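Here's the structure, in structure tokens; my notes come after.
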Amino acid sequence: MNIETVDVLIVGAGPSGCVAAAYLKKQNLSIKVIEKCKFPRFVIGESLLPRCMDHFEEVGLLSCLEAQHFEIKRGARFLKKGVVCNFDFSKKHTEGWDWTWQVPRADFDFALTQELEKMGGPVAFEQEVTAVVISEDGTSTTTIKGANGNTTNIQAKFIIDSSGYGRVLPRLLDLDKPSSLPYHSSIFTHVLDIKRPEGQEGTLITFDVVMDEVWFWVIPFSNGVTSIGFVGPTDFMASFKGSTTEKLKEMLQMSHYYYSRFKDLDFLFTPVEIKNYSKAVKQLYGKGFALTGNSAEFLDPVFSSGVTFATESGLLAAKLIAKELNGELIDWQTQYEDYIKQGVNVFATYVKEWYTGNLQKIFFHRPENPKVKEQICAVLAGYVWDQTNPFVKNHDRLVKTVAHIIDMEIEQKKANK
């Protein structure tokens with residue numbers, strides 16, 4: 001059996017793995033990136049947040065993405081019962097990028113891997129991890145099966161698991177645990193958006209709230225294709241019968257705003273259904289390994305946080321590994337897990353309060369409070385580690401408090417009539 005030795009083995013060639021690999025390559029460490037799929041390949045997670053632009057820029061991956069001319073995303077729009085709530089990323093509490101992209105992930109991830117290979121960080125595609133053994137000192141031996149059926153052992157000082165929904169180390173090391181979020185599922189596809197309106201309307205990412213816990217996403221790409229999908233409680237989604245195509249066509253009728261635009265369009269692929277998508281783990285790191293992105297935690301697609309957490313955690317893990325291999329003492333609990341979970345907990349609050357309805361009260365209450373909106377906008381832009389933002393620092397109680405104040409205002413108005 002072939003044996004290869006590297007400083008860092010990275011499992012997964014999505015945004016998290018590419019950002020980590022690009023950083024480690026700049027530190028002159030030997031790396032190996034392995035990927036189970038053959039690129040380009042479809043994957044969900046098509047709307048980014050401004051925060052991740054910092055990560056691509058820092059590791060030298062921004063220019064290759066700019067050259068792809070993806071659709072610019074300058075904010076997000078939420079619709080409910082005729083009320084429109086627009087968030088403009090240029091009007092947010094925290095300084096930072098005020099735009100990002102809406103991307104077909106097949107093209108986006110492929111561009112990243114091509115640039116990574118130009119940097120000298122080759123990616124081995126169609127390589128499946130079948131076993132991982134980690135010794136007491138953190139040195140690992142990972143068994144890889146290639147497309148031809150041959151196996152290889154890779155010895156590494158560290159493993160970064162950026163395998164996303166593949167969740168390689170959580171499966172192999174028994175790290176999975178139930179998510180604290182309620183059970184939700186999604187169904188989605190792409191369409192050639194031939195009825196797309198001209199101008200801004202045709203470029204906006206929109207979350208159309210058709211029921212309190214059910215919403216429809218519309219993500220237009222620059223190539224004329226649009227991603228569409230529904231999200232809702234698993235029991236509700238299961239109430240629709242038939243094939244996934246039949247289910248999605250029936251669900252489209254719930255969106256009064258978009259039904260006429262999409263009702264007669266063919267789906268570019270058979271709609272995909274993901275049940276109970278929220279994931280969690282017992283720990284984000286261990287001796288000789290770190291979990292990043294969706295292989296660690298996945299919350300909910302409602303605020304498009306997936307890629308940002310992937311790149312944030314991938315870059316941070318790479319930085320800490322480089323320091324440790326350089327002889328520095330790293331406190332992984334404080335410097336990695338506590339930090340990442342701080343941001344995850346903020347977004348988890350927003351996801352939970354979205355589905356309780358408290359956050360929707362704030363979004364759709366009129367008149368809007370400009371200061372509150374700026375602070376929430378910073379969260380939606382991915383700047384969830386900014387402790388100067390009250391809606392970050394006090395996330396666990398402030399959303400509830402503001403929603404309660406709105407309820408009291410509404411009751412007072414009713415009493416005064």
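Mind checking whether some residue in segment 241-249 is polar (S, T, N, Q) and crowded, with 19+ Cβ neighbours inside 10 Å? Can you show your working first?
If we filter segment 241-249 for residues that are polar (S, T, N, Q), which is where we start, we get 243-245.
Next, from what is left, pick out any that are crowded, with 19+ Cβ neighbours inside 10 Å: none.
The answer is no; no qualifying residue exists.
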So, first residue under 19 Å from Leu359 (Cβ atoms) in segment 406-417, second residue modelled with pLDDT of 85 or more, Cβ within less than 6 Å, six or more apart or across chains; the pairs are Ile406/Lys361; Ile406/His365
Segment 183-209, residues that are touching a residue at least 24 places away in the same chain (Cβ under 8 Å) and of a type in the set (Asp, Glu): Asp193, Asp208
When residues of segment 282-296 are limited to those that are of a type outside the set (A, V, I, L, M) and closer than 15 Å to Pro15 by Cα, the one surrounded by the fewest Cβ atoms within 10 Å (Cβ to Cβ): Asn294
Failed condition for Tyr277, given (1) surrounded by fewer than 23 Cβ atoms within 10 Å (Cβ to Cβ); (2) outside any loop (DSSP other than H, G, I, E, B); (3) not polar (S, T, N, Q), with all others met? (2)
Give the residues of segment 227-249 that are among the charged types (D, E, K, R) and closer than 24 Å to Glu201 by Cα, sorted by residue number. Lys249
Residues in segment 101-115: is at least one surrounded by 16 or more Cβ atoms within 10 Å (Cβ to Cβ), under 30 Å from Glu213 (Cα atoms) and more than 22 Å from the chain's Cα centre (by Cα)? no
Does Gln375 satisfy the criteria of being touching a Lys or Arg at 6+ places or on another chain (Cβ under 9 Å), polar (S, T, N, Q) and in a helix (DSSP H, G or I)? yes
Taking segment 286-308 only, how many residues are touching a strand residue (DSSP E or B) at 6+ places or on another chain (Cβ under 7 Å) and part of a strand (DSSP E or B)? 4
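The values are calculated or read from the model by the stated rules, or taken from the named source; none is laboratory data. Every value quoted in this text rests on a predicted model; they were computed, and no experiment measured them. We place every Cβ from the backbone using ideal geometry, glycine too, and count neighbours over all the protein chains shown.
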